[in-house]
1. Of all residues in segment 1-29, which are within 15 Å of Ser44 (Cβ to Cβ) and of a type in the set (D, E, K, R)?
2. Could you give every pair whose Cβ atoms fall below 6 Å, whose first residue belongs to segment 6-28 and is assigned by TED's automatic domain parsing to the domain that holds Tyr128, and whose second residue is at pLDDT 95 or above and of a type outside the set (Phe, Trp, Tyr), counting only separations of at least 6 or pairs across chains?
3. Output the number of the condition that Lys242 fails; it satisfies all remaining conditions of (1) within 28 Å of Arg14 (Cβ to Cβ); (2) basic (Lys, Arg); (3) modelled with pLDDT under 95; (4) out of contact with any Phe, Trp or Tyr (no Cβ under 8 Å at 6 or more places or on another chain).
4. All but one of (1) of a type in the set (S, T, N, Q); (2) within 30 Å of Thr170 (Cα to Cα); (3) surrounded by fewer than 15 Cβ atoms within 10 Å (Cβ to Cβ) hold for Gln86; which doesn't?
5. Whether any residue in segment 168-187 is over 21 Å from the mean Cα position of the chain (by Cα), in a loop (DSSP other than H, G, I, E, B), under 25 Å from Lys213 (Cβ atoms) and not acidic (Asp, Glu) is what I want to check.
6. Considering only segment 189-223, state which residues are surrounded by fewer than 19 Cβ atoms within 10 Å (Cβ to Cβ) and in contact with a strand residue (DSSP E or B) (Cβ under 7 Å, 6 or more places away or on another chain).
7. Condition check: in a strand (DSSP E or B), surrounded by 15 or more Cβ atoms within 10 Å (Cβ to Cβ) and not assigned by TED's automatic domain parsing to the domain that holds Asn195. Does Val65 satisfy that?
8. Could you list, in sequence order, all residues of segment 224-245 that are part of a helix (DSSP H, G or I) and either charged (D, E, K, R) or surrounded by fewer than 23 Cβ atoms within 10 Å (Cβ to Cβ) (or both)?
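The values are calculated or read from the model by the stated rules, or taken from the named source; none is laboratory data. Just so we're clear, the structure is a prediction, and the values are computed from it rather than from any experiment. Neighbour counts run over all protein chains shown; Cβ positions are idealised from the backbone, glycine included.
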Amino acid sequence: MYNYKLTLQYDGSRYKGWQRLGQGEATIQDKLEQVVSQLFGQPSEIIGCSRTDAGVHALAQIANVKAETRISCDEILRYMNRYLPQDISVTEVEEVSELFHARYNAKEKTYLYKIWNREYSNPFMRKYSMHVTRGLDLKAMCQASKHMLGTHDFTAFSNAKSKKKSMERTINSIEFEEIDGFINVRVRGDGFLYNMVRWMVGTLIAVGLGDRKSEELPEIFESKLRNQTGDLAEACGLYLEKITY
């Protein structure tokens, strides 16, 4: 059995997320599996590192696929990019150990969130950033983000339905960058719950707008109630940027 590691980029605007759904549902995983199954001549499962939500983009998603047939990495790369839709691309293919698993072997993930912070809209980035018309207090957002660092129970910041799995995650860093009307929020951690980054950013935006105070963050964590956070940040501004193994 041969195992191939794929590095992917995609515009998630017209997809219902990464994970395969019912028949006829447009997802990234489904599009990829259709192509690799044709390539290998047998039904093939693509295992993705991160199950990105509907509308979320990826700059460097990692996936792996196993096959009984050995095909050169260059051939896989060329074939997939030839038959995939233009909003999905494979940037690298590497043959790896049969034990490699894109999701289970990941040590750290980095997400980038883009906010367009001007009164007027940005027509070229409307599908790739969240438009916040009121000025954001970046200093207040930075102060609030410090309460999110470290290991916490992120129940209040997630739509995760399963209560059997641990809701604890570790956030290693949250960085802010202000450039040409954009505020970029970069969140790096060992893993993320469903919608977690979007709830975190939504809460930071609420602080930046003065609707929440930095000192309220510990109470929000303690409450474990999602209605205590800010609004859910829009999916279009979120990018899976990097995965570390």
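1. The answer is Lys5, Arg20.
2. No pair meets every condition.
3. Tallying (1) within 28 Å of Arg14 (Cβ to Cβ); (2) basic (Lys, Arg); (3) modelled with pLDDT under 95; (4) out of contact with any Phe, Trp or Tyr (no Cβ under 8 Å at 6 or more places or on another chain), Lys242 fails exactly one: (3).
4. (2)
5. no
6. Passing the criteria: Asp190, Gly191, Phe221.
7. In short, yes.
8. If the condition is that a residue be part of a helix (DSSP H, G or I) and either charged (D, E, K, R) or surrounded by fewer than 23 Cβ atoms within 10 Å (Cβ to Cβ) (or both), then Arg226, Asn227, Gln228, Ala235, Cys236 are the ones that fit.
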